[in-house]
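Student: Mind looking over this structure? Questions follow.
The values are calculated or read from the model by the stated rules, or taken from the named source; none is laboratory data. Just so it is clear, the model here is predicted, and its values are computed rather than measured. FYI the Cβ positions are ideal-geometry reconstructions off the backbone, even for glycines, and counts take in every protein chain you see. Only protein heavy atoms, including side chains, enter the accessible area calculation; ligands, DNA and RNA are left aside. Shrake-Rupley method; radii C 1.70, N 1.55, O 1.52, S 1.80 Å.
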Amino acid sequence: MYAGFTLGDLTFETIYINHADGLAYNLSGVPSDHSRYSRQKFWSTLFYKREFDSLMWESTLNFGYTYFDLYVDFYPPGTRLVDPKFQTKYFFPYGLKWRRKVHLYRSRFENKAHFSYKRHHFLAGLVFQYEDVDKPRYYENIVPYPCPTSHCFRNVPELRRIKDFKWVLPQDRFYYSLYFQDEFHFRHHWFLTFGVRYDNYDDFGDNVSFRLALVWSLLKNLYLKFLYGEGFRAPSFRELYIQSCPVMPRSGNPDLDSETMQAYEFGVFYNRRNLEFSLTLFYQRYEDLISLVQDEYFNYFYKNLPGDASTYGLESELKLFWGPVNNNYLSFSYAYLDHDDVRGFYVVPRNVFTVDFNQYLLPRLSFNYRLSYLDDWSYGVDSYFLSDVVFHYFHPLAEIHFAIYNVFDKKYRYPDLTRFYPDNYLRPGRIFELKFVYYF
């Protein structure tokens with residue numbers, strides 16, 4: 001559900017989503033029709049924008065709330081298991097089930113100013129953000145009871161809350177950031193951009209990063225771009241504060257360092273009225289990658305990987321336009337990505353080919369067809385084609401969006417980085433989507 005309004009320089013928007021679906025696999029690797037993943041999300045944004053001669057001022061206030069409720073039917077009734085370390089035998093007459101709940105809150109305020117002076121265009125901003133993990137709850141049908149030894153458990157039919165166990169620690173985080181950028185047109189065909197950003201987290205620490213870009217207008221429609229940039233990623237609440245779970249032991253690490261990255265890019269861009277072409281070569285180097293590491297007893301914990309790692313590749317796109325305002329187009333794109341064989345990286349296909357066609361059938365009705373080919377996955381994932389079709393009708397007071405994703409019902413998979421599922425993750429087949437938006 002979406003609602004919003006604009007009043008002068010002020011805009012307000014709010015979105016509410018209530019969604020629940022099943023799990024393709026439970027954590028034992030066996031499909032279960034009873035497992036359920038529910039979440040409710042609410043976002044609200046107040047945006048203010050005002051221009052004063054050469055100064056443009058923007059202020060944004062965001063509030064977000066997310067509620068997660070995950071129920072997993074882990075083992076069916078009558079399951080027998082053997083501990084690989086101590087060879088202890090366990091019997092679950094009622095099966096093994098658990099449920100996790102948590103409330104997440106986020107508030108964010110950002111001020112941003114654009115202003116120009118002679119050949120300089122400046123951007124300066126300030127961000128404050130507060131995040132809170134509240135009321136984590138854990139339920140299980142394997143409940144402790146008093147006994148002479150340190151740990152005694154019994155199997156009961158219904159789920160019961162384990163009051164002294166919090167699957168993630170309730171924590172909060174305050175974060176602020178300052179950033180500044182200068183775009184300098186210092187010669188007729190040369191543009192230089194310099195930026196610096198300072199970030200500070202009260203539970204983790206601070207970081208300073210830089211960005212430098214140089215653009216050379218070689219010909220009227222031909223540009224060369226050189227870019228150097230730095231970035232970092234602070235550890236998430238899960239990576240810092242998740243607690244060991246009796247079902248799938250996993251532990252956070254409050255001593256984690258942030259991931260850092262240095263990026264280098266070189267690009268060639270050419271554009272005319274009915275034609276655009278771009279080619280970008282990039283190299284990225286990472287340090288202190290955060291990864292989920294497994295020990296010999298199948299317990300997982302987060303840690304910073306030693307050494308560094310790198311990715312490199314290229315992206316290229318050719319786009320042709322036609323029609324009165326270039327609304328119709330046909331594009332061909334190709335991306336190549338390779339990286340070091342390091343566990344901290346997400347696994348992606350090495351080659352991706354895409355064809356995107358958009359044509360207006362009527363003045364307000366458009367048709368879009370997208371064909372993608374993903375090739376050379378690792379982890380034993382086969383290459384595959386995907387086709388999507390989208391019809392979009394727009395009116396000053398309403399929009400209708402109808403889409404069919406994976407039109408030919410292709411069975412394909414994503415790689416499982418944990419190697420827990422031998423056949424990887426099976427993805428959905430054909431999906432239908434209908435969306436209606438009304439403005440008033």
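Student: Any idea how many residues of the stretch 173-188 are open to solvent by 70 Å² or more (accessible area, probe 1.4 Å) and out of contact with any Phe, Trp or Tyr (no Cβ under 6 Å at 6 or more places or on another chain)?
Tutor: Selection size over the stretch 173-188: 4.
Student: Restricting attention to the stretch 205-224, which residues are open to solvent by less than 60 Å² (accessible area, probe 1.4 Å), modelled with pLDDT of 90 or more and under 24 Å from residue 279 (Cβ atoms)?
Tutor: The answer is 213, 214, 215, 222, 224.
Student: For the stretch 329-374, which positions are over 15 Å from residue 314 (Cα atoms), part of a strand (DSSP E or B), open to solvent by less than 70 Å² (accessible area, probe 1.4 Å) and not hydrophobic (A, V, I, L, M, F, W, C)?
Tutor: 329, 331, 356, 358, 359, 360, 366, 368, 369, 372, 373
Student: Here's something else I'd like to know. Cβ-Cβ under 8 Å, sequence separation 6+ or interchain: first residue in the stretch 155-168 and over 19 Å from residue 75 (Cα atoms), partner open to solvent by less than 60 Å² (accessible area, probe 1.4 Å) and of a type in the set (Gly, Ala, Ser). Which pairs?
Tutor: 168/252
Student: Checking the structure you have, find out if any residue of the stretch 106-128 is over 31 Å from the mean Cα position of the chain (by Cα), closer than 30 Å to residue 192 by Cα and aromatic (Phe, Trp, Tyr).
Tutor: yes
Student: When you scan the stretch 192-204, how many residues do you find that are of a type in the set (A, V, I, L, M, F, W, C), at pLDDT 90 or above and open to solvent by less than 80 Å² (accessible area, probe 1.4 Å)?
Tutor: Final tally of qualifying residues: 2.
Student: Scan the stretch 80-133 for residues that are surrounded by 13 or more Cβ atoms within 10 Å (Cβ to Cβ) and touching a Pro at 6+ places or on another chain (Cβ under 9 Å) and report the count.
Tutor: Final tally of qualifying residues: 11.
Student: Might you let me know whether the stretch 208-220 holds any residue that is in contact (Cβ under 8 Å) with a residue 24 or more places away in the chain, under 30 Å from residue 71 (Cα atoms) and more than 24 Å from the chain's Cα centre (by Cα)?
Tutor: no
Results for (1) within 30 Å of residue 72 (Cα to Cα); (2) not small (Gly, Ala, Ser), shown as yes or no for each residue.
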position: 217; (1), (2): no, no
position: 253; (1), (2): yes, yes
position: 264; (1), (2): no, yes
position: 314; (1), (2): no, yes
position: 321; (1), (2): no, yes
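Student: Quick one: what pairs do we get from the stretch 194-205, first residue over 28 Å from residue 122 (Cα atoms) and free of Cβ contacts under 8 Å to residues at least 12 places away in the same chain, second part of a strand (DSSP E or B) and open to solvent by 30 Å² or more (accessible area, probe 1.4 Å), C-beta under 7 Å, 6+ apart or different chains?
Tutor: Every condition considered, no pair remains.
Student: Take the conditions assigned to a loop (DSSP other than H, G, I, E, B) and modelled with pLDDT of 85 or more and apply them to residue 410. Does it pass?
Tutor: Considered against the rule, which asks whether it is assigned to a loop (DSSP other than H, G, I, E, B) and modelled with pLDDT of 85 or more, residue 410 comes out as yes.
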